[in-house]
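Below is one structure, written out as structure tokens, with a few remarks after it.
The values are calculated or read from the model by the stated rules, or taken from the named source; none is laboratory data. For clarity, every value in this text was computed on a predicted model and none was experimentally measured. Cβ placement follows ideal geometry from the backbone for every residue including glycine, while neighbour counts extend to all protein chains displayed. Note: accessible area is taken over every heavy atom of the protein model, side chains too, but ligands, DNA and RNA are not part of it. Shrake-Rupley method; radii C 1.70, N 1.55, O 1.52, S 1.80 Å.
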Amino acid sequence: MKSVTQTLGFLAALQGVLVAGSPCNSPSPHWKTLSPIALYPRQEHTTLALNRTTLAILGGIVPNGLPTQFNTTSLLQLYSIPTNKWHPAPLAPMPVALNHPNAAAVDGKIYLLGGLDDRGDGIWRGTGRSWVYDPTTNTWAELPGIPDVPRGSAAMGVDERTGVVYLAGGMTQLPLIEGAGEQESVDVVSAFDTRKGEWVAALPAGVKAMPGRRDHAGAVVVDRVMYVLGGRDRGQHNVRGDVFALDLGRLGKGWVTKAGKMPTPRGGVCAGAVAGKVYVFGGEGNPVEGSDGVFDQVEAYDIRKDTWERLDKMELPRHGTSAVAVGRGVYIPGGGIKLGGAPVDTFNVFYP
Ligand SMILES: *[C@@H]1O[C@H](CO)[C@@H](O)[C@H](O)[C@H]1NC(C)=O
Ligand SMILES: *[C@@H]1O[C@H](CO)[C@@H](O)[C@H](O)[C@H]1NC(C)=O
């Protein structure tokens, strides 16, 4: 018995040394693999943090059993960071199945503000129908629909001071078949006031349109400034590398295009901010042979310096995912590993 106690004491001491010596002053960025997404591989979904322990993924596409075909899903799933487990109970699905949903978490609730739906005719089209999900009652309640341009894949930002959610850009349609038209990107900005339960009627002129049309961009809010990074303008290969910024506390200043450009312009990216830097991962439309059309880059934008740096490539390069930063990690569930639909259930977290 004594020796066991001694051994445990020794292990505890050793663990103390290891803990003290590793994560806190960990020298280089690293990845950690988490529990795969429960039920299905997933792509073109949205990832949110309801609080510092619970993440949510909703909507997107899942395999439907036929090669290269996918179903748009209404699934909502929760994940617990401390237990590394997907919530087993069935949650109320979104009232409609949407891919590229525009969603944001405010005060522990999920605001779903339109997205793209599948009407079975080979074109995903924007819908403006909107709902709020309350996890305490597991119910969805309908909200007024988007008043201007119904769309999906908007860059989303939340002003935590006012509870207003900003939707920047997005796309009104994504044709899946030849000859069905262009992917239509927009520069429109809309805002939903979660405290009043209504859309903001009049945004200042300099806010109502971004400096360019964008969908599939990265978006974060840091110190009450919203950043829209990269993205594309009408099509997978028309990638962009700009950073647009909007000071949510001083809307009168309008959108600003930053001098710092992404080293590798990319769309279909995901992004998360940790300690003053925005990390932008992966993307779609890579013309390089052998890339499967997917970007593997991880690049970091230093907000204060307005500069970029290149980091090591993504552990599993992918696009069509979305990320959320919580604490020191950027959580990235699912995504596609080839141009177009190729969803995986892989879930990992990046620690810068
Ligand atoms: C995919 O959608 C089709 C058409 O709505 C449906 O018949 C089929 O059951 C779905 N498959 C899966 C795996 O959800
Ligand atoms: C986080 O949100 C989930 C879902 O609403 C809830 O079950 C959990 O208790 C919350 N945790 C904290 C620490 O607030």
ask   = Summing Lys, Arg as +1 and Asp, Glu as -1, what charge do residues with Cβ under 14 Å from the Cβ of Thr73 carry, Thr73 excluded?
value = -3
ask   = What is the extension gain from Asn71 to Lys208, computed as 0.36 nm multiplied by their sequence separation minus the C-alpha to C-alpha distance, in nm to one decimal?
value = 46.0 nm
remark   = Dividing the helical contributions, -39500 (n - 2.57) per DSSP H run of n ≥ 4, by the residues of the chain yields a 222 nm value, nearest 500 deg cm²/dmol, of -2000 deg cm²/dmol
remark   = For the Asp193, Thr136 Cβ pair and Förster radius 22 Å, calculated FRET efficiency rounded to 0.05 is 0.55
ask   = What do you reckon, how do Thr139, Thr127 stack up by accessible area (1.4 Å probe), largest on top?
value = Thr139, Thr127
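Once the piece of chain linking Asn84 and Asp223 is laid out straight, how much longer is it, given 0.36 nm per residue of separation minus the C-alpha distance between them? Spell out each step's value before the answer.
Working: separation 139, 0.36 × 139 = 50.04 nm, distance 2.87 nm.
Contour length minus the Cα-Cα distance gives 47.2 nm.
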note = Here the net charge surrounding Pro265, from other residues whose Cβ is less than 9 Å away from its Cβ (Lys, Arg +1; Asp, Glu -1), is +3
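Suppose R0 equals 22 Å. What FRET efficiency, 1/(1 + (r/R0)^6) with r the Cβ-Cβ distance, do Thr257 and Arg119 give to the nearest 0.05? Mind showing how you got there, number by number?
Details: r = 36 Å, r/R0 = 1.63.
The formula returns an efficiency of 0.05 here.
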task = Run the accessible area of the chain with a 1.4 Å probe and give the carbon-and-sulfur part as a rounded percent.
result = 54
query = Expressed as an acute angle from 0 to 90° and rounded to the nearest 10, what is the orientation of the C-alpha long axis of helix 2-21 relative to the principal long axis of the chain?
reply = 40
inquiry  = Using each residue's phi in the range 313-330, evaluate 6.51 cos²θ - 1.76 cosθ + 1.60 at θ = phi - 60° and report the 3J(HN,Hα) Karplus result to the nearest Hz, with x for Gly and Pro.
reply    = 5, 4, 4, 10, x, 7, 9, x, 10, 9, 10, 9, 9, 9, x, 9, x, 10
query = How large is ³J(HN,Hα), in whole Hz, for each residue of the range 56-71 in order, when computed from phi with the Karplus curve 6.51 cos²θ - 1.76 cosθ + 1.60 and θ = phi - 60°, using x for Gly and Pro?
reply = 10, 10, 9, x, x, 10, 10, x, 10, x, 9, x, 6, 10, 9, 9
key: Selected from Val274, Ile337, Gly163, residue furthest toward positive end of dipole (the chain; charges at beta carbon)   = Val274
task = Go through the range 249-266 residue by residue and turn each phi into a ³J(HN,Hα) via Karplus (6.51, -1.76, 1.60, θ = phi - 60°); whole Hz please, and just put x for glycine and proline.
result = x, 9, 4, x, 6, x, 6, 10, 8, 6, 5, x, 9, 4, x, 10, x, 8
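How much net charge surrounds Gly327 when only the other residues with a Cβ under 15 Å from the Cβ of Gly327 are counted, with Lys and Arg +1 and Asp and Glu -1? Mind dumping the intermediate values first?
On the way: positive: Lys32, Arg52, Lys277, Arg328; negative: none.
Charge balance near Gly327 sits at +4.
Can you give the accessible area per residue of the chain, in Å², using a 1.4 Å probe? Don't skip to the answer; put the middle values down first.
Values: 15520 Å² over 352 residues.
Ligands and nucleic acids excluded, the result is 44 Å² per residue.
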message = Between the range 124-191 and the range 26-88, how far is it from one alpha carbon centroid to the other, in angstrom?
response = 20
query = Count the lysine pairs in the chain that are 8 or more places apart or on different chains: how many have C-alpha atoms under 20 angstrom apart?
reply = 16
Overall Cα dimensions of the chain, principal axis frame, Å, largest first = 73, 49, 46
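Can you tell me how much longer the chain between Val288 and Asn238 gets when fully stretched, taken as 0.36 nm per residue apart minus their C-alpha distance, in nm with one decimal? Mind showing how you got there, number by number?
Working: separation 50, 0.36 × 50 = 18.00 nm, distance 1.43 nm.
The Val288-Asn238 span can extend by a further 16.6 nm.
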